[in-house]
1. Per 0.36 nm of contour for each residue apart, how much would the distance between ILE224 and THR291 grow if the chain were fully extended, relative to their Cα-Cα spacing?
2. Please find the FRET efficiency linking LYS276 to ILE20, where r is the Cβ-Cβ separation and R0 is fixed at 35 Å, and quote it to the nearest 0.05.
3. Rounded, prolate or oblate: which fits region 137-295 when a ≥ b ≥ c are the square roots of the eigenvalues of the alpha-carbon gyration tensor, with rounded for a/c under 1.5 and prolate only if a/b beats b/c?
4. Once the cut-off is 27 Å, how many percent of the Cα-Cα pairs in region 25-174 end up in the long-distance tail?
5. According to a simple spin-label model (label point 7 Å from Cα along Cα-to-Cβ), what is the distance in nm between ALA65 and LEU96?
6. Grab the DSSP H runs of the chain that are 4 residues or longer, score each as -39,500 (n - 2.57), total them, divide by all residues and round the 222 nm result to the nearest 500 deg cm²/dmol.
7. Counting only GluC sites (Glu not before Pro) that sit in a DSSP loop (anything but H, G, I, E, B) with at most 10 other Cβ atoms within 10 Å, what is the longest stretch of the chain containing none of them?
8. In debye, nearest 20: dipole of region 2-281 around its Cα centre with unit charges on the Cβ of K, R (+) and D, E (-)?
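Only the coordinates and a few stated rules stand behind these numbers; no lab work does. Being a predicted model, the structure only gives us computed values, none of them experimental. Cβ: placed from backbone, ideal geometry, glycine included. Neighbour counts: every protein chain shown.
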Amino acid sequence: MKHRFRRKLLYILLLVVDKIILSFPVDFAIAIGRYFGILAYFILPKFSKIAKENLKNAFPDKTPAEINRITMGVFRNLGMNAAEVLSISKIKKQALRRIYSTGFDKIDKALEKGKGAIILSAHFGNWELLPVYFVAKGYPSNVVARHIYYEKYDEWVSLLRKTTGVNIIFRDESPRKIVEALKSNELLGIMPDQDIDSIEGVFVKFFKRPAYTPTAPVALSAKIGSPILPCFIIRERNRHKIIIEDPVNLKSTGNEERDITENTQAWSDVIESYIKKYPEHWVWMHKRWKTRPRS
């Protein structure tokens, strides 16, 4: 009962903040989000601590001062992300001015096969703006998402995403929707960089530690023939650059179990390389290494 009341109160607060943010110009709203992110660093010590511990394990050579700086940057970036998400109705109209890309020709080349493309990203930069950009460019786009534990939040986030023209496919829906989207030669966005032990996965090395990682991208690609294109959005103050990497070169040796593990490791390595380059862009407060191998 206590949690239900608190969630309802937070939901009402969210709606109020949403109205306030929408009343401001986008750049001013982002500036506000930046400072709220810094504030969150101090008033949410539990999450700051998790982020710092993960960073220490991932970057053992960094000093405490560097770890603190990166952690502050993570919260600052998330605050700006939140402001942009709340301003999404405005940003979608300005998407082609606020966001640019490199390597977009790889998308067109991938779609020439007629089997769609799996846009593989991470909770990195402002990931919510990736499909907004693709839709603004005229590409039918789908995103695989999971429901949020509180129904009111879930409905609000789903409505916000749908107003951008992005089609949401929930994880608990029929897999047929995902297959149909790819066979219709559309884009399918997946962010498999978190520890979700309720779905099929394998352990691969992530920052030299075993991390339980979803196998869905590789399984989908093998079944349908859709290429996997790693894609990342980099913040440049109030603008964003999207980098589209070459398709992941998937091995097919006939040993299905080994192929799935090695191919999953291949795309996970790409994500790791971007996080190493832009550590402030990733959500280090997520317990990425929570699930442990039985052995």
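1. Fully extending the segment from ILE224 to THR291 adds 21.2 nm.
2. Plugging the Cβ-Cβ distance into 1/(1 + (r/R0)^6) gives 0.45.
3. It is rounded, given that a/c, with a ≥ b ≥ c, falls under 1.5.
4. Result for the distance tail: 36 percent.
5. 4.7
6. Theoretical 222 nm ellipticity from helices: -16000 deg cm²/dmol.
7. 1-111
8. I would put it at about 1040 debye.
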